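First the structure, in the form of structure tokens, and then the observations on it.
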């Protein structure tokens, strides 16, 4: 397994968590800086999720037609420019708009990383490679809040986005110099809306893709509902400092990394579908425990943090296996399949964060209730996972 390629693909995948997690400790500061409320600041996060979702639908067909490198370089250029716009914003509306453009550029890295894995590696190996990518990208949620909290204290919130400018530019240079174009030879003479829709239609009609893509999207809603509610949970309900918030965030990320590497080892002797089913079942159990704690009022650091840790770390089993199972049937439409998978993933998560924000009543009840509903639906969709194999 080429380590340089894994490191580059992991960095591209890390664009999303870096862009999300680094500025979370700055939510209260942004409220004060722009004289606005928590809901308006949370919308900058929701808009980013929706941008990640919609943008991928453009990059997928483009990558199947023009190859992986050119659309990726365009996307990274837009991401870097938009990150600079975020750093220079003078109103919450301006920041929200630039965050949307930042997401439209950054989502190219998400699409291309999955598509390159599908291009280069066989179906069974792809699940193991995706687990390795989670090791690289998992460092971002650990370091980003820690770095974000330190930078916020010493240089202010604008410096957080300046770091993303440097990160985006570095990824652009690395892709230009080190990423070969792995896409199969282009098949269509031109790229049209009709050809793109036809590719999405072929992908969406496949029953395996629908089942595992939706299960992944609903399971990941847990992560983003948690991310949206984490500042309130840790800093207001539990009274932690920004450093304490970053430490708890890092602990959950370490759990996710550890689970993804255990998943990589288990795939040597277990089918991806079997591992996935067990993880979904355990996630639902942890969600039931979490909602029970919240609704009974037995809240404390351990009683709240433990079920959240379990739900987040189990994504280390859910995400790589659902991705491999969903993309396995596709060859010529790998870019479009990756894009549609990501659009469902982040679009559903964006809508979930909007719903949780809209239902916010000053307690954790809306978040807890939403999480248990998401995971119940994911469990139903993954009911046949035990009989699924990572084959074309």
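Can you list the equivalent-ellipsoid semi-axes of the range 322-370, largest first and in whole Å, using the square root of 5 times each Cα gyration tensor eigenvalue?
Details: eigenvalues 219, 22, 4 Å².
Whole-Å semi-axes of the equivalent ellipsoid: 33, 10, 4.
In nm, to one decimal, how far is the modelled label at residue 39 from the one at residue 170, with both set 7 Å along Cα→Cβ?
Between residue 39 and residue 170, the simple spin-label model gives 3.9 nm.
Give me the distance between the Cα centres of the range 144-177 and the range 272-325, rounded to whole Å.
Here the answer is 30 Å between Cα centres.
Order the peptides 103-112, 351-360 from the highest to the lowest mean number of other Cβ atoms within 10 Å of their residues. Intermediate results must be reported in sequence, preceding the final value.
On the way: 103-112: 28.3, 351-360: 18.8.
Packing order, densest peptide first, comes out as 103-112, 351-360.
Given bins 5 angstrom wide, list per bin the percent of all Cα-Cα distances in the range 1-149, short to long.
Calculated P(r), rounded to whole percents: 2, 10, 17, 20, 20, 14, 9, 5, 3, 1, 0.
Note down the relative contact order for the range 262-343 as a percent, whole number, built from C-alpha pairs under 8 angstrom at least six residues apart.
The value is 34 percent.
How would you order 233-241, 324-332 from highest to lowest mean count of nearby Cβ atoms within 10 Å?
Numbers: 233-241: 16.2, 324-332: 22.3.
In descending order of packing, they fall as 324-332, 233-241.
With only alpha-carbon pairs counted, each pair once and no self-pairs, how large is the Kirkwood hydrodynamic radius of the range 261-359 in angstroms? Don't jump to the answer; show the numbers that get you there.
Details: mean 1/r = 0.0640 Å⁻¹.
Its Kirkwood hydrodynamic radius stands at 15.6 Å.
Averaging sequence separations of C-alpha pairs under 8 Å and six or more residues apart, then dividing by the length of the range 3-386, give the relative contact order as a whole percent.
Details: 639 pairs, mean separation 109.5, N = 384.
Across the range 3-386, relative contact order equals 29 percent.
Computed from the coordinates by the stated procedures, all read-outs in this text should not be read as laboratory data. Only a predicted model underlies this, so the values are computations on that prediction, with no experimental measurement involved. All Cβ positions, glycine included, derive from the backbone under ideal geometry; neighbour counts span all protein chains shown.
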